[in-house]
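Novice: Below: one structure in structure tokens.
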Amino acid sequence: MEKIIIEGGYRLQGRVKISGAKNAALPIMTACLLSDEKCVIRNTPDLVDVASLSAILGELGAGVERGEGGTVEIKVESEENSTAPYDMVRKMRASFCVLGPLLARRGRAKVSLPGGCVIGLRPIDLHLKGLRALGARIDVEGGYVLAEAPRLRGAKIYLGGPFGSSVTGTANVMMAATLAQGTTIIECAACEPEIEDLAHFLNKMGAKISRLGTPRLIIEGVDSLHGADYEIIPDRIEAATYIIAAAITQGDVTIESARLEHLAAVVDKLSEIGVVVTGEDKSLKVIAPAKFSSTDLVTLPYPGIPTDLQAQFTALLSLADGISVVTEKIFPDRFMHIAELNRLGANIRKEGPHAIITGASELSGAPVMASDLRASAALILAGLVARGKTIVNRVYHLDRGYERIEEKLSSLGAQISRIEDERGSSEEVIYT
Ligand code: UD1
């Protein structure tokens with residue numbers, strides 16, 4: 001088991017390039033199951049999640065080859081096996097996105113239920129509701145979703161749930177609808193840029209999706225899709241994590257290959273804290289104040305502040321002047337990082353779906369345990385500014401979502417390294 005060691009207190013300076021978006025890459029890779037022609041996906045991040053999904057696509061008959069510079073080529077060679085097994089799906093929820101494409105193209109699919117995870121309950125009722133509305137017969141048996149439909153039919157589908165839209169739910173239903181007979185209208189579709197990116201890719205494959213990026217997607221079904229060559233958008237969560245890294249160390253950093261238009265709510269909230277982010281021509285400049293102001297923050301579906309940045313904002317606000325309240329509206333139990341941040345000297349308490357943060361004047365290094373991907377990022381951010389040494393255990397979470405994070409942070413002047421824990425561990429790795 002590996003751990004990351006950070007010597008805090010170094011100001012970050014320089015330029016860092018953002019990788020392709022994980023949450024766009026994963027559904028786009030599953031969309032390749034919709035055709036038997038070769039697809040070329042560029043700017044695919046080199047992450048454990050991408051490797052895990054490649055293995056699942058391989059199991060489902062696709063050849064997946066990673067080339068230079070983030071290019072991944074995917075071509076379905078055999079359509080015989082349509083079963084995505086438990087051992088593979090439970091490791092990464094996004095792999096459930098194979099369900100829609102398999103069902104639409106092969107008329108059948110057997111995909112393991114992904115289960116819950118450390119950030120809370122992760123139901124899939126909206127995915128199944130949408131696919132049933134398209135005419136699929138769906139049974140849940142022995143921990144698997146069994147889906148069947150000789151040919152899906154277009155339908156009007158409302159995809160909102162108790163927490164708003166579902167990102168991967170929208171991906172699954174939109175992908176299935178591309179090959180349905182007739183027109184599908186999805187109301188309360190997720191508007192995340194990654195869903196828009198997936199829709200652009202599908203259209204490049206020959207799909208007919210309109211009103212991209214809006215909560216009302218219109219999909220005219222077609223008979224078949226062909227191969228496509230596509231470049232994935234930059235990762236807005238990674239970009240914002242580096243913006244916060246620059247801010248928390250009072251650094252001077254230029255973030256390259258990021259899109260300001262995907263970060264409007266984030267940049268606005270940062271400005272309330274005192275952090276100025278300016279951008280031109282896909283590169284962003286971060287100017288940090290000497291002291292951060294407290295603020296209140298609520299996570300929401302896009303274009304609100306993403307839940308995937310809640311932990312990182314919490315780390316930053318733990319050093320702000322005064323009291324901040326962070327409210328989690330997407331995953332109300334996603335607060336595993338609080339106890340660990342408190343080990344570093346933060347003063348945070350949890351009240352239901354709220355984190356109440358009383359700003360501390362400084363943090364001090366300590367050993368901490370990462371519980372999930374974004375919690376790991378928050379601990380790294382806190383470690384960058386904590387006095388002395390911070391040791392982050394269970395860093396395998398980081399490799400799911402941050403490409404070469406120590407290398408990128410080191411190049412900005414952080415004192416960060418990765419070591420193998422000599423004691424080793426037989427701990428099970430479950431991805432969220
Ligand atoms: C995706 C992202 C994840 C992000 C999350 C919320 C990918 C691969 N992952 O996850 O990084 O944190 O969006 O932005 O893109 N819900 C239901 N029923 C469903 C599905 C979801 O009630 O069938 C609820 C969930 O419990 C949650 C909310 O809807 O409260 C949003 O979840 P959802 O958007 O589906 O998250 P994911 O797509 O799994």
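The values are calculated or read from the model by the stated rules, or taken from the named source; none is laboratory data. Please read all numbers here as calculations on a predicted model, not as lab measurements. As a convention, Cβ positions derive from the backbone with ideal geometry for all residues, glycine included, and neighbour counts pool all protein chains shown. What goes into the accessible areas is simple: the full protein's heavy atoms, side chains included, and nothing from ligands, DNA or RNA. Shrake-Rupley method; radii C 1.70, N 1.55, O 1.52, S 1.80 Å.
Novice: Restricting attention to the range 160-177, report how many residues are open to solvent by less than 10 Å² (accessible area, probe 1.4 Å), over 20 Å from the mean Cα position of the chain (by Cα) and near the ligand (Cβ under 9 Å from one of its atoms).
Specialist: 0
Novice: Just to be sure before I move on: is Asp252 among the charged types (D, E, K, R) and in contact (Cβ under 8 Å) with a residue 24 or more places away in the chain in the structure I sent?
Specialist: Taking the combined requirement at face value, the residue satisfies it.
Novice: Would you check which residues across the range 125-150 are open to solvent by 20 Å² or more (accessible area, probe 1.4 Å) and either closer than 30 Å to Gln310 by Cα or β-branched (Val, Ile, Thr) (or both) and list them?
Specialist: Result: Asp125, Leu126, Lys129, Val140.
Residue-by-condition table, conditions (1) part of a helix (DSSP H, G or I); (2) open to solvent by less than 10 Å² (accessible area, probe 1.4 Å):
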residue: Arg334; (1), (2): no, no
residue: Arg349; (1), (2): no, no
residue: Ala360; (1), (2): no, no
residue: Val368; (1), (2): no, yes
residue: Gly383; (1), (2): yes, yes
residue: Glu406; (1), (2): yes, no
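Novice: Test Ile18 against the criterion of being among the β-branched types (Val, Ile, Thr), in contact (Cβ under 8 Å) with a residue 24 or more places away in the chain, farther than 24 Å from Met174 by Cα and crowded, with 18+ Cβ neighbours inside 10 Å, and give yes or no.
Specialist: Taking the combined requirement at face value, the residue satisfies it.
Novice: Quick check on Gly143: is it out of contact with any Cys (no Cβ under 7 Å at 6 or more places or on another chain), more than 15 Å from the ligand (Cβ to nearest atom), under 29 Å from Gly63 (Cβ atoms) and not aliphatic (A, V, I, L, M)?
Specialist: So Gly143 passes the test.
Novice: Sticking with this one: Filter the range 107-143 down to the residues that are over 29 Å from Asp372 (Cβ atoms), not in a strand (DSSP E or B) and not hydrophobic (A, V, I, L, M, F, W, C) and list them by number.
Specialist: Scanning the range 107-143 gives Gly107, Arg132, Gly135.
Novice: Any chance the range 144-151 includes a residue that's outside any loop (DSSP other than H, G, I, E, B) and over 14 Å from Gly107 (Cα atoms)?
Specialist: Scanning the range 144-151, I find at least one residue that is outside any loop (DSSP other than H, G, I, E, B) and over 14 Å from Gly107 (Cα atoms), so the answer is yes.
Novice: Tell me yes or no: at least one residue of the range 224-238 is open to solvent by 30 Å² or more (accessible area, probe 1.4 Å), within 16 Å of the ligand (Cβ to nearest atom) and over 15 Å from the mean Cα position of the chain (by Cα).
Specialist: The answer is no, given that none of the residues of the range 224-238 is open to solvent by 30 Å² or more (accessible area, probe 1.4 Å), within 16 Å of the ligand (Cβ to nearest atom) and over 15 Å from the mean Cα position of the chain (by Cα).
Novice: Residue by residue through the range 41-79, note down the ones that are of a type outside the set (Val, Ile, Thr), in a loop (DSSP other than H, G, I, E, B) and touching a helix residue (DSSP H, G or I) at 6+ places or on another chain (Cβ under 9 Å).
Specialist: Listed by number, the residues that qualify are Asn43, Pro45, Asp46, Leu47, Leu60, Gly61, Glu79.
Novice: If you don't mind, another one. List, please: which pairs have Cβ atoms under 6 Å, are six or more places apart or on different chains, and start with a residue in the range 392-406 that is of a type in the set (D, E, K, R) and end with one that is in a helix (DSSP H, G or I)?
Specialist: From residues that are of a type in the set (D, E, K, R), the pairs are Asp399/Val48; Arg400/Val48; Arg400/Asp49; Arg400/Leu373.
Novice: Further question on the same structure: On the basis of being surrounded by fewer than 24 Cβ atoms within 10 Å (Cβ to Cβ) and touching a residue at least 24 places away in the same chain (Cβ under 8 Å), does Glu65 make the cut?
Specialist: The answer is no for Glu65.
Novice: Go through (1) more than 15 Å from the ligand (Cβ to nearest atom); (2) hydroxyl-bearing (Ser, Thr, Tyr); (3) in a loop (DSSP other than H, G, I, E, B) for Tyr302 and report which single condition fails.
Specialist: So the condition that Tyr302 fails would be (1).
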